[in-house]
Amino acid sequence: MVSRRMFLSSAALAPFVAGAAGPTATGGGGGQRPVVVGSSNGLRAAELALERMKAGADPLDAVIAGVNLVEDDPKDMSVGYGGIPNEEGVVQLDACVMHGPSGRAGAVAALEGIKNPSRVAKAVMETTDHILLVGPGARRFAEMNGFPVENLLTDKARKVWLYWKQNLSAKDKWLEPDPSKLDPEVQEFIRDYGRDPFRDPRSHGTIHLSACDGRGDLAGCTSTSGLFFKMPGRVGDSSLIGAGCFVDNGLGAAGSTGRGEANILVSGGHLIVERIRAGRSPKDACLDALRRIAETTKEKRLLDERGRPAFPISFYAVSKSGAYGMAAMWSHRPSGKPSQFAVADAQGARLENAAYLYEGKPTI
Ligand code: GLY
């Protein structure tokens, strides 16, 4: 068995070689409006957002309606109700929205007890002079606006958290559960996410949707329960305009899922829209952001034995013309399934394979 210390000391110092998009990847295309692009957990969300835009909805209202589907769904344990809690067993949600036509944005971070942080973010945008409200202030603001306060911790998420806590240390007073007698819901979680939350706890999930309506107006929304078992108060990229989401109504919209800390360090959403300004396609702009992360990630604990970022991170983008694109750091997800993304346009709603920098799957 390779210990964490051995793994770190053996991490190669070899420079990374950032590859091109994989041969089987599509990672983008289009040029038709309206169009919605987003994370693979947002297939139905993208479909709904497209329907709403076709019926005349504003693109931001459309993407928020789509994201709400996933926030409300306890089966998605990375977003909204049913999200995996922080290290204290409390679900804390992050979200942001940006509206191209008005150039306005809103966000909330570490919000407890409100299952639709994306809608609270929109209320921040529309009814305050601020962009980002956090923690108890965000919760008070949501309550003042009539959002119901609910317990967001489902029984399944509680069991997964408890399993993680029981296994944390041999020196604490919790006894490690017998692996042969794991609760069926914990087993199901390990199967679905392709990771044991104790042995490999740094799992992420999030939903992002970017949309361009029939007139070329743009919007984006990102929502998450964040890094599994995060420290209380930790805020990822999903609340940060310019990182988890960014929109310039003259150019494009972009957003991210995956390791938020890596995205924050390169302001990925903004970087992608600036690459679109420079003439890159949405897909190539997403690959550029991944290359930037690969170039600037220096900590050995975050790199594999070949010096490549060992974590999952993906970017999604749509341009004003309706071209769309997506790229992932790795061709496959931790579960071994191919990295994919959701797109909805005149051809319908579907999953397409990601463009990617590296063949393989993230190891942290
Ligand atoms: N990208 C989601 C997070 O890091 O919280």
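The values are calculated or read from the model by the stated rules, or taken from the named source; none is laboratory data. Being a predicted model, the structure only gives us computed values, none of them experimental. With ideal geometry, Cβ positions are generated from the backbone for all residues, glycine too; neighbour counts draw on all protein chains shown.
At a glance:
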{"item": "Hits in region 154-164 (condition: crowded, with 17+ Cβ neighbours inside 10 Å, touching a residue at least 60 places away in the same chain (Cβ under 8 Å) and not β-branched (Val, Ile, Thr))", "result": "Lys156, Ala157, Trp161, Trp164"}
{"item": "Filter result (of a type in the set (Val, Ile, Thr) and closer than 22 Å to Gly100 by Cβ) within region 305-360", "result": "Val318, Val343"}
{"item": "Helices (runs of 4 or more DSSP H) lying entirely in region 1-90 (those with 1 or more residues that are modelled with pLDDT of 95 or more)", "result": "43-54, 59-72"}
{"item": "Candidates Pro312, Pro334, filtered to the one that is within 15 Å of the ligand (Cβ to nearest atom), in contact (Cβ under 8 Å) with a residue 12 or more places away in the chain and surrounded by fewer than 22 Cβ atoms within 10 Å (Cβ to Cβ)", "result": "Pro334"}
{"item": "Answer residue from region 96-153, given it is without any contact (Cβ under 8 Å) to a residue 40 or more places away in the chain and assigned to a strand (DSSP E or B) and is surrounded by the fewest Cβ atoms within 10 Å (Cβ to Cβ) among those", "result": "Arg104"}
{"item": "Residue count, region 205-257 (criterion: under 17 Å from Ser267 (Cα atoms), surrounded by fewer than 24 Cβ atoms within 10 Å (Cβ to Cβ) and near the ligand (Cβ under 10 Å from one of its atoms))", "result": "1"}
{"item": "Out of Asn151, Asn145, sole residue that is out of contact with any Pro (no Cβ under 9 Å at 6 or more places or on another chain), modelled with pLDDT of 95 or more and either closer than 13 Å to Val90 by Cα or of a type in the set (A, V, I, L, M) (or both)", "result": "Asn151"}
{"item": "Test for Asn263: is it under 26 Å from Ala46 (Cβ atoms), of a type outside the set (Asp, Glu) and within 16 Å of the ligand (Cβ to nearest atom)", "result": "yes"}
